[in-house]
Ligand code: FE
């Protein structure tokens, strides 16, 4: 059972002028699709072929050949990233998520500053994340294809800081891209839904 390229949750030009259709044509249509094609070629006729994407990521974590992990985790990360963006995103969250951000970071402004710093300073290719672990929110960055759920953290929001995410629109100016992500695109409704899901799975397990 091949892993599928999930449809983008909006049109290619829906994030303009913040992220161009040209960027999404390459980022979704070439990079993300490339991970799907490479993973499916690698797992054909193996035990992975019958597993969910999450299971493939988890089960390939310690494999000597990292090809399966890298492609599978990048598919998971990109599926999550597209949903971390919204044509009507940006601004500040409300409700329980806003309160948790205040509790965990002091204020939304403090969260904003630290997320921007971490995303900008992540060396090379990777991801910046808002995650929940236990009662608190925290921030983390991961290198290359690495992803928080293999480290026991539940992702709420992510910003892809691989150059392919911003080079066509911002060239080497990653700080401008991260500022645009936070100010215009961050999908707080999706982050809130992830928080609720994390809470309900904790209470189901209790
Ligand atoms: Fe990417």
Looking at (1) within 16 Å of the ligand (Cβ to nearest atom); (2) assigned to a helix (DSSP H, G or I); (3) under 15 Å from the mean Cα position of the chain (by Cα), which one does residue 29 not meet, given that it meets all the others?
(3)
When segment 1-13 is examined, which residues are found to be in contact (Cβ under 8 Å) with a residue 12 or more places away in the chain and loosely packed, with under 13 Cβ neighbours inside 10 Å?
1, 2, 4
Condition met for residue 100 (within 19 Å of residue 181 (Cβ to Cβ) and surrounded by 14 or more Cβ atoms within 10 Å (Cβ to Cβ)):
no
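Each row is one residue, and each column tells you yes or no for (1) in contact with a strand residue (DSSP E or B) (Cβ under 8 Å, 6 or more places away or on another chain); (2) at positive phi.
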{"position": "99", "(1), (2)": "no, no"}
{"position": "105", "(1), (2)": "yes, no"}
{"position": "119", "(1), (2)": "yes, no"}
{"position": "131", "(1), (2)": "yes, no"}
{"position": "134", "(1), (2)": "no, yes"}
{"position": "137", "(1), (2)": "yes, no"}
{"position": "161", "(1), (2)": "yes, no"}
{"position": "194", "(1), (2)": "yes, no"}
Pull out all pairs, ordered by first then second residue, where Cβ-Cβ is under 8 Å, the residues are six or more apart or on different chains, the first lies in segment 14-29 and is at pLDDT 95 or above, and the second is assigned to a helix (DSSP H, G or I) and away from the ligand (no atom under 16 Å from the Cβ).
18/184
Condition (residue is over 19 Å from residue 126 (Cβ atoms), in a helix (DSSP H, G or I) and modelled with pLDDT under 95) applied to segment 50-62: is it met by at least one residue?
yes
Of everything in segment 85-107 that's closer than 26 Å to residue 16 by Cβ and in contact with a helix residue (DSSP H, G or I) (Cβ under 6 Å, 6 or more places away or on another chain), which residue is farthest from the ligand (Cβ to nearest atom)?
92
Looking at (1) at pLDDT 95 or above; (2) exposed (fewer than 13 other Cβ atoms within 10 Å of the Cβ); (3) over 17 Å from the mean Cα position of the chain (by Cα), which is the one condition that is false for residue 45?
(1)
Across segment 34-56, what is the number of residues that are within 16 Å of the ligand (Cβ to nearest atom) and more than 16 Å from residue 73 (Cβ to Cβ)?
0
Index of the failed condition, residue 34 passing every other in (1) part of a helix (DSSP H, G or I); (2) in contact (Cβ under 8 Å) with a residue 12 or more places away in the chain; (3) farther than 16 Å from residue 142 by Cβ
(2)
Would it be correct to say that residue 92 is in a loop (DSSP other than H, G, I, E, B), within 20 Å of the chain's Cα centre (by Cα) and either in contact (Cβ under 8 Å) with a residue 60 or more places away in the chain or crowded, with 21+ Cβ neighbours inside 10 Å (or both)?
yes
Among (1) under 19 Å from the mean Cα position of the chain (by Cα); (2) outside any helix (DSSP H, G or I); (3) more than 16 Å from the ligand (Cβ to nearest atom) - the single one residue 65 does not satisfy
(1)
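The values are calculated or read from the model by the stated rules, or taken from the named source; none is laboratory data. All values reported here derive from a predicted model rather than from experimental measurement. As a convention, Cβ positions derive from the backbone with ideal geometry for all residues, glycine included, and neighbour counts pool all protein chains shown.
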